[in-house]
Amino acid sequence: MKIKILFDKQAIHSNLNTGWGISFLVGENTLFDTGEKGKWLIENMKRLKVDITKIENIVISHDHWDHTGGLWRLLELNNRANLYITPGFSTEFKEKAKKFGINIIECKKSCKINERIFTTGEFVTAYKGYALAEQSLVIRENNKISVLTGCSHPGIVRILQKVKEDFENDNFHLVMGGFHLLNEEEIEIIEVVSQLEEFKIDRIGPTHCTGEEAEEIIKNKFGEKFFEVKVGDVVEI
């Protein structure tokens with residue numbers, strides 16, 4: 001299966017839009033997050049020859065502008081997809097989505113999107129004084145699991161522990177996305193990276209809100225298992 005990077009903070013060439021937030025296309029029909037701005041996302045999709053009409057599932061990690069920003073323009077072009085969120089998303093978000101007539105599926109626990117793609121179910125954590133709900137995406141291929149994360153506000157280690165509990169007989173192949181280590185102290189980053197090593201991940205692609213310092217520490221620890229995530233790249237799993 002292929003994962004196409006549609007939006008992120010850096011790109012393989014300058015005619016692709018970059019910014020805050022992420023958007024990954026899994027296969028041809030499952031989209032994970034939509035970046036910060038609809039115009040930029042749609043332009044990238046067109047330049048990367050993504051058929052918007054083929055998207056059947058849209059999974060939003062959490063209700064923050066840099067992950068939902070491109071959704072509304074996308075729904076103007078395709079409202080036939082299933083929209084996977086969690087119960088903890090804001091009423092404002094849910095009401096806005098309903099106006100597009102899209103089928104909304106709220107995943108408190110893990111939701112099965114198809115035989116190979118699942119959501120993690122809802123994690124709830126405290127963020128800036130309020131409760132934040134977030135989910136990640138899991139892809140199971142040849143008894144290996146790959147995890148796509150939005151921001152990992154609940155903690156990347158906590159997320160992977162839950163995934164391992166759900167898929168205890170499978171090993172981690174890929175972990176890619178935001179790890180939310182941007183404002184953490186070096187000692188805390190080192191501790192998290194040490195715990196990540198215990199999961200024996202084959203490939204790791206930290207991006208978005210991970211932070212340059214954390215990315216460098218991960219790169220040094222994981223060596224050739226580390227890779228940079230850029231808009232326009234295709235990751236095969």
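Legend note: in the chain, cysteines whose Cβ sits 4.7 Å or more from every other cysteine Cβ are Cys151, Cys209. Can you grab the distance from the C-alpha centre of region 103-117 to the C-alpha centre of region 17-37, Å, no decimals? Centre-to-centre (Cα) distance: 18 Å.
Compute the long axis of helix 186-197 from its Cα atoms, compare it with the longest principal axis of the Cα atoms of the chain, and write down the angle in degrees, 0 to 90, nearest 10. With both axes taken from Cα atoms, the answer is about 80 degrees.
For the chain, what is the calculated [θ] at 222 nm in deg cm²/dmol (nearest 500), taking -39500 (n - 2.57) for each run of four or more DSSP H residues and dividing by its residue count?
Mean residue ellipticity at 222 nm (helix-derived): -7500 deg cm²/dmol.
Relative to the dominant Cα principal axis of the chain, helix 38-47 is inclined by about 80°. Between Asp166 and Leu48, the contour length at 0.36 nm per residue exceeds the Cα-Cα span by 39.1 nm.
The relative contact order of the chain, computed from alpha carbon pairs under 8 Å that lie at least 6 residues apart in sequence, is 20 percent.
Restricting attention to the chain, close to 50% of DSSP beta bridges with both partner residues there are antiparallel.
Rounded to the nearest 0.05, what FRET efficiency is calculated for Glu56 and Asn15 with R0 set to 35 Å and r the Cβ-Cβ distance? Using R0 = 35 Å, I get an efficiency of 0.80. Which pairs in the list Lys94/Lys162; Lys54/Lys128; Lys37/Lys230 are over 28 Å apart, alpha-carbon to alpha-carbon? Violating the 28 Å Cα-Cα cut-off are Lys54/Lys128. Helix 156-166 and the longest principal axis of the C-alpha atoms of the chain enclose an angle of approximately 80°.
Quick note: the coordinates plus some simple rules give every number you see, no bench work behind them. Please read all numbers here as calculations on a predicted model, not as lab measurements. Here Cβ is always computed from backbone atoms with ideal geometry, including for glycine, and neighbour counts include all displayed protein chains.
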